[in-house]
Amino acid sequence: MFNFDTEHFKLNSNLENPPILRLPSEILDHCWSYLRRRDLFQVSRVSRVFWYTSRSRIFQSLNVTLPSPAVPPLNQDLVRRSTNKAPKMLECAATRITSFYSDPSAGELWDMVQDWTVSTAPAIRNSMFFFARSQEKNLASRSVDAIFPFLTCSRNLRSLELVRMNLGRQQWIIIECLPALDTLRLISCLFPPSSHLERPLKLKELAIAGDNFGPRSIEERLVSVLCNPTYLQKLTLIDFLITHTVLAVLSSMAPFPHLTYLSIFVTSPSRDHFFRFLAAIPALATLRIFPWSANITPPHPLPPLSSLRSYDGYPNLLSYIVPGRPVDCVCLVLMMVTTDDDQPDYAIHTELVSTVRDISRSTVPVRKLAIEYFLPTLDNLAAIAKHLPDLHRLDLGLISGPPPLTPEEIITLSESSSEFGLDYTGEPLDTVDTMQGLLSWLGDGRAPLPPKLVTLRLSHSLMGNEDIQCAEGVKQRKLIRCLHGRYPTLREVEMGGCRWWREGVYWSREILEFEET
């Protein structure tokens, strides 16, 4: 009788618990990795099992946005109401953080927090309202003072991102007390003089970014505190106002033996500092020259850079970087800065054939190539297919240029070129039908692709072309069938807002949705 009741109880328990609740926690955790944060909150409310297996991902990162009162330009009443609301917003944000870190039962959750983002909302400033701007400054200081001390409660905090913060000495002391911190991102932050610490941080990753709205500066001593040559592995410097100062300091410091990633904004006055710093990075694997940098070239031969695998930047510097080095991933930005004054001019680099030849002089086969502001011509496409036969992935951000012809007119002119002795292979496609015309070229076999290509992605580099449709679904399927017949290794094609991928011999279509997560 006892055995019967036991088996009956087990049977009822199995009936009540769905199979998904009996999966190992590792499997559920992997499932949750595909969900967005707001979906994780919904999942955590389903059952206790879902709560315990999803909470580590929910509390892995915290985002706090502190108020910065907006200042409308002409209405004093709106200014008064705006600044009066800000303390209440601050009180709400501080209350939530205080409640979380004051609950003893939440201690286990504190240790799950690995990433913090603290930012202040951008404010509208107007010189007519000095009082409001002064109040804004005081409020921002109060916001930081109210939230910052709670950082030390998360003992496993590894990544900290600060946006539009005024970092005084008290904030740096708190940052120094974070034992597991190895990643620091500073976005449009202010660095008051003599507010930093004397002891260098042990950061593995540092990012300093910001726009050209100032004033904003940084002391040389703070650079040496943030950039510790013994630990630093990834460095991003794209702050338009302080990168020159940072580069000047870095070029005079000891070598960085572990630095493998560098993304940087370079101006003409910073050229010599940049190349001296480059010589102090023997293990560099990825070099990214941020768009809108000056079109620089080295005055002297470059260091060996024998570990370099990826280059992202302008074509002119590429001819000094890629040949003779084991670079297998290249991203070209063809819109270059032609002047370096307050109102720079820009031009599209059109000598792509010689640039592709330089890429082919890498000591290893190039597998990935991305080109922004690509002008589709038969010459350019033929050069890529000829000189980069081992390419597996090709990403093209398309632009257009004259003449204003339809793809059919271009094809007609090209077909008659032999009769009249004319050559149209260097002519670009029409502005309206750039992507559709390029796909027609590829489908008809007029324009070649690298024979081993696996992934082809086409997009529009210019924002004004985002709503252009490349082709209807039926035409796309026919085109994909033609491409597959010509290039058997092709497994993925992305064209604008559509993505096609292959499993075996069957192709599927997906409409891409671009949304914030």
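Among the protein heavy atoms of the stretch 223-293, carbon and sulfur supply 58% of the accessible surface, probe 1.4 Å, non-protein parts ignored. Evaluating 6.51 cos²θ - 1.76 cosθ + 1.60 at θ = phi - 60° for every residue in the stretch 51-65, the Karplus couplings come out as 5, 5, 8, 9, 5, 5, 7, 5, 9, 5, 9, 10, 10, 10, 10 Hz, glycine and proline recorded as x.
Remark: the stretch 188-320 carries 41 Å² of accessible area per residue (probe radius 1.4 Å; ligands, DNA and RNA excluded). Protection proxy ranking of 161-172, 237-248, by the mean of other Cβ atoms within 10 Å over each peptide's residues and highest first, is 237-248, 161-172.
An oblate overall shape is assigned to the stretch 258-365, the ratio a/c of its alpha-carbon gyration tensor axes (a ≥ b ≥ c) being 1.5 or greater and a/b not exceeding b/c. FRET efficiency for the pair Arg221 and Ser319, taken as 1/(1 + (r/R0)^6) with r the Cβ-Cβ distance and R0 = 22 Å, rounds to 0.05. Is the shape of the stretch 169-306 rounded, prolate or oblate, going by the alpha carbon gyration tensor and its root eigenvalues a ≥ b ≥ c, with a/c under 1.5 for rounded and a/b larger than b/c for prolate? Cα axes put the stretch 169-306 in the oblate bin. Sorting 504-511, 294-301 by average packing, meaning the other beta carbons within 10 Å per residue, from highest down gives 294-301, 504-511. When both the stretch 325-390 and the stretch 438-457 are represented by their alpha-carbon centers, they are found 18 Å apart. Net charge in the neighbourhood of Pro303 (other residues with Cβ under 12 Å of its Cβ; Lys, Arg +1, Asp, Glu -1) is +2. For Ala447, the residues 5 or more places off, or on other chains, whose built amide H falls under 5 Å of its own are Leu442.
In terms of overall dimensions, the C-alpha atoms belonging to the stretch 195-258 reach 33, 23, 19 Å along their principal axes, ordered largest to smallest.
Could you please report the charge total around Leu241, scoring K, R as +1 and D, E as -1 over all other residues with beta-carbon less than 9 angstrom from its beta-carbon? Net charge around Leu241: -1.
The values are calculated or read from the model by the stated rules, or taken from the named source; none is laboratory data. All values derive from a computational prediction rather than experimental measurement. Glycine gets a Cβ as well: all are built from the backbone with ideal geometry, and neighbour counts include every protein chain shown. Heads up: the accessible areas ignore ligands, DNA and RNA and are worked out on the full protein's heavy atoms, side chains in. Shrake-Rupley method; radii C 1.70, N 1.55, O 1.52, S 1.80 Å.
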